[in-house]
């Protein structure tokens, strides 16, 4: 199958663990000259896969709002989409929630890192509950689910097993191109040039997986469950060299039966989340509850599956940010209001 989008001449690679063979699959990620070209390239890649999916599934379309029934009222209008995005200013940054971004080798250190993060999350939730007792502006928090309260903490920087995503490609591109550190960074191997990356997570792709057992009304909005997850073939860009890549079918194989569930959480009452079209993605045991330390390696494996099923484009950092809203360049990603001020104060242990 020939691609229907213009390919750049350079590529980088994104390594995925091949669970079945124990090897590594190097997915090719196109390097565009700048974030604007990367956005156009991502649109082309999405359209290419949309046409392929339509051929496979008879032009089926995904409309989230029509699938979630009673939960629809919890989802803002912009959340009724089939594609969610994530942008990060360094492609080397792990596609994982903060509580699973482990930096240690031993299981004891991993456990301590996770337990410390859980304590921070629990402390935040207690302070948030206390603040609601005498503040009418925060009265809505009393009716939120555990995952929605966790989403508030994550949005304001508290460790969590939720990963922030957005329904807006422009928002993802803005965060991918907004850098606070020098363009040339250093790691253990020496200096390297930072590449921003934009991910697109397409529900149509995921819903073509075999073994789906349920979708629709979940505690926190909407979600999907697959049990078991069998071998699955999809078209992928395979990395050959910095100037060579090709699209070809690849069979994803799993060791034995794999289960995966994922769910999106929204908190439409938070104006800053609405500006960012913010949703929060969770998988497996993290759904609707505080995460358990036990089995965290399997949880990381579930995130790897989600990561594999996303489209990716990257670009060299230039220090110029893509506008949050191309039609309104003055729009702020983090607008200040009284609600944000109060939430930030309890994170700093004020009030």
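Things worth noting here:
- Selection status of residue 166, at pLDDT 90 or above, within 30 Å of residue 13 (Cα to Cα) and under 22 Å from the mean Cα position of the chain (by Cα): yes
- Count of the stretch 142-159 residues which are farther than 23 Å from residue 113 by Cβ and buried (at least 20 other Cβ atoms within 10 Å of the Cβ): 1
- Identification of strands (runs of 3 or more DSSP E) wholly contained in the stretch 236-349 with 2 or more residues that are crowded, with 21+ Cβ neighbours inside 10 Å and modelled with pLDDT of 85 or more yields 258-265, 278-283, 310-316.
- Residue within the stretch 154-161 that is closer than 30 Å to residue 284 by Cβ, in a helix (DSSP H, G or I), within 15 Å of the chain's Cα centre (by Cα) and modelled with pLDDT of 85 or more present: yes
- Among (1) closer than 22 Å to residue 274 by Cβ; (2) in a helix (DSSP H, G or I); (3) within 22 Å of the chain's Cα centre (by Cα) - the single one residue 121 does not satisfy: (1)
- Whether a residue is at pLDDT below 75, touching a helix residue (DSSP H, G or I) at 6+ places or on another chain (Cβ under 8 Å) and within 22 Å of residue 276 (Cβ to Cβ) was assessed, and residue 75 does not pass this test.
- Failed condition for residue 114, given (1) more than 25 Å from residue 299 (Cβ to Cβ); (2) part of a helix (DSSP H, G or I): (1)
- Any hit, the stretch 195-204, residues being in a strand (DSSP E or B) and at pLDDT below 70: no
- Residues satisfying the stated conditions in the stretch 114-139, i.e. surrounded by 15 or more Cβ atoms within 10 Å (Cβ to Cβ) and either farther than 27 Å from residue 14 by Cα or modelled with pLDDT of 90 or more (or both): 117, 118, 120, 121, 123, 124, 125, 127, 128, 131, 132, 138
- Count of the stretch 94-113 residues which are closer than 12 Å to residue 163 by Cβ, surrounded by fewer than 18 Cβ atoms within 10 Å (Cβ to Cβ) and either over 23 Å from the mean Cα position of the chain (by Cα) or touching a residue at least 12 places away in the same chain (Cβ under 8 Å) (or both): 1
The values are calculated or read from the model by the stated rules, or taken from the named source; none is laboratory data. It should be emphasised that the depicted structure is a prediction, and the values quoted were computed from it without experimental measurement. Here Cβ is always computed from backbone atoms with ideal geometry, including for glycine, and neighbour counts include all displayed protein chains.
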